Amino acid sequence: MVAPRRLYVHVGLQKTGTSYLQAAMLASRQALTEQGVDLVPATKRASFELMLQVRDRYHEGRDPETVLQALERFEQALLDAPGPAALLSQESLAAARRPQIERLLAACGDREVHVVLTARDLGRQVPSSWQQEVKAGRTVSYADYLEALQASQREGRGTHPWIHLDPPAVLARWARHVPPERIHVVTVPPRGSSPTLLLERFCSVLGLDPASITPEEDPANTSIGRVQAEVLRRVNLELPDDVRRRQVYGDVGKRWFAARILSAQQGPPIRLPATLRPWAESVTDQQIATLADAGYHVVGDLDDLRCAPDAFEETDSTPDGDAVSVAAVTALAAIVTEQGRRPADQPTSFAEPDPRAPASRWAFWRR
């Protein structure tokens, strides 16, 4: 009998090393091909567009029209891929609902689908998830985010933002169509582990030699501290809608202002309030028990999902106005310095403000 061709669908979760793994796979296309694994789609952008169409998230005017044919291109690319296995990695597929999962699986043809989920402890993932919200242009405060998160978990809604932090609920949706032996849970190692251990665990699922994969030698740390995240959130409050469009904000707000300007300040990290320790530990116990009982293939150790003691802060670190002001002025100085040092052959246009634009609300520092 001819072995069925496999498709590994890495569905996230968000903030579980997905960008690191995707970068390693993209940088090692040749090694993957030699070992019989094709990247489908072949680029990160194409995978993102596929997710947008599968999850009904296309917005006319905000997203390129190429999204509308992403599923057809994916189906054809799978047919054309020569290897015995293929990999699709897109972390926002974790939130796909049943009809959306069925839509994606229908495009997979006769492939034997395997689902791969990377999971991380709540102590690290929750603060990272709020930071990601702000870096996506949203304006929710940390306190409101934590409150909404707990409410979503308690009520079992399985909606944003909790769905991205609930491995059992995500996998239960996929398990309606994929048997448990083809569902793989890869745990993110705790702090202090070998820097390549997550990659090694991921490669073991795909049957890849981790020594042949090229991770980033010095991956850029684009995380921002608690104060810097608050600066970004308040800046987002002042932005007009056209700048907060996905295609614009991704370059200007996320990859330039947040990742280059604010991350350079290296402020104290975002942590969970100590008051949430009982909640986090109780939820973790429930998730570990559910995953263990489901019969999934676990790579790593489910105890990796337990929060480390230093994940919690005993004192409230909500930034005050002075701290936000200092970080904002530092960011402005960095922007002016960067622009002032631009080569003469790369002039910057400093246009006069549009007199028709509404005046700034000047409530920036008080929010």
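The values are calculated or read from the model by the stated rules, or taken from the named source; none is laboratory data. This structure is a prediction, so every number in the text was calculated from the model and none was measured. Counting neighbours? That spans all protein chains shown, and the Cβs are built from the backbone with ideal geometry, glycine included.
For every residue, the table says whether it meets (1) among the aliphatic types (A, V, I, L, M); (2) in a helix (DSSP H, G or I); (3) not assigned by TED's automatic domain parsing to the domain that holds LEU232.
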{"position": "ARG255", "(1), (2), (3)": "no, yes, no"}
{"position": "ALA259", "(1), (2), (3)": "yes, yes, no"}
{"position": "TRP279", "(1), (2), (3)": "no, yes, yes"}
{"position": "SER282", "(1), (2), (3)": "no, yes, yes"}
{"position": "LEU291", "(1), (2), (3)": "yes, yes, yes"}
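Consider the range 309-336 and keep the residues that are surrounded by 10 or more Cβ atoms within 10 Å (Cβ to Cβ) and of a type in the set (Ser, Thr, Tyr). The one that is farthest from TYR145 (Cα to Cα) is THR330.
Need a quick list: helices (runs of 4 or more DSSP H) entirely within the range 38-151 having at least 1 residues that are in the same structural domain as SER263 (by TED's automatic domain parsing) and hydroxyl-bearing (Ser, Thr, Tyr). Give the derivation first.
Working: elements: 44-54, 70-80, 98-106, 122-135.
Passing ranges: none, list empty.
Rundown of residues vs (1) modelled with pLDDT of 95 or more; (2) in the same structural domain as ARG29 (by TED's automatic domain parsing); (3) surrounded by 15 or more Cβ atoms within 10 Å (Cβ to Cβ); (4) touching a strand residue (DSSP E or B) at 6+ places or on another chain (Cβ under 6 Å), yes/no style:
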| residue | (1), (2), (3), (4) |
| --- | --- |
| LEU198 | yes, yes, yes, no |
| PHE202 | yes, yes, yes, yes |
| ILE213 | yes, yes, yes, no |
| VAL231 | yes, no, yes, no |
| LEU237 | yes, no, no, no |
| ARG245 | no, no, yes, no |
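Scanning the range 85-105 for residues that are under 16 Å from the mean Cα position of the chain (by Cα), farther than 30 Å from ASP144 by Cα, surrounded by 19 or more Cβ atoms within 10 Å (Cβ to Cβ) and in contact (Cβ under 8 Å) with a residue 60 or more places away in the chain turns up at least one hit.
Using the structure shown, decide if VAL9 is of a type in the set (Val, Ile, Thr), more than 27 Å from ASP209 (Cβ to Cβ) and either within 23 Å of the chain's Cα centre (by Cα) or assigned to a helix (DSSP H, G or I) (or both). Let's see the steps before the verdict.
Values: of a type in the set (Val, Ile, Thr): yes; more than 27 Å from ASP209 (Cβ to Cβ): no; either within 23 Å of the chain's Cα centre (by Cα) or assigned to a helix (DSSP H, G or I) (or both): yes.
Against the criterion (of a type in the set (Val, Ile, Thr), more than 27 Å from ASP209 (Cβ to Cβ) and either within 23 Å of the chain's Cα centre (by Cα) or assigned to a helix (DSSP H, G or I) (or both)), VAL9 does not qualify.
As for the range 109-129, it holds no residue that is surrounded by 21 or more Cβ atoms within 10 Å (Cβ to Cβ) and at positive phi.
Among the numbered criteria (1) more than 20 Å from the chain's Cα centre (by Cα); (2) at pLDDT below 95; (3) part of a loop (DSSP other than H, G, I, E, B), which single criterion is violated by HIS177? Unmet for HIS177, out of (1) more than 20 Å from the chain's Cα centre (by Cα); (2) at pLDDT below 95; (3) part of a loop (DSSP other than H, G, I, E, B): (2). Taking the range 1-54 as the range and being over 21 Å from ARG103 (Cβ atoms), without any contact (Cβ under 8 Å) to a residue 24 or more places away in the chain and buried (at least 23 other Cβ atoms within 10 Å of the Cβ) as the test, no residue passes. The residues of the range 1-57 that are among the aromatic types (Phe, Trp, Tyr) and more than 22 Å from HIS184 (Cβ to Cβ) amount to a single one, PHE48.
Hey, can you tell me all the residues within the range 237-292 that are among the small types (Gly, Ala, Ser) and either under 23 Å from the mean Cα position of the chain (by Cα) or within 17 Å of ALA334 (Cβ to Cβ) (or both)?
The initial filter retains those residues of the range 237-292 that are among the small types (Gly, Ala, Ser), namely 250, 253, 258-259, 263-264, 267, 274, 280, 282, 289, 292.
Matches in the range 237-292: GLY250, GLY253, ALA258, ALA259, SER263, ALA264, GLY267, ALA280.
A single member of VAL283, VAL252 is of a type in the set (A, V, I, L, M, F, W, C), without any contact (Cβ under 8 Å) to a residue 40 or more places away in the chain and either surrounded by 14 or more Cβ atoms within 10 Å (Cβ to Cβ) or over 26 Å from ARG45 (Cα atoms) (or both), and it is VAL252.
Of all the criteria given as (1) at pLDDT below 95; (2) not in a helix (DSSP H, G or I), the one not satisfied by ILE163 is (2).
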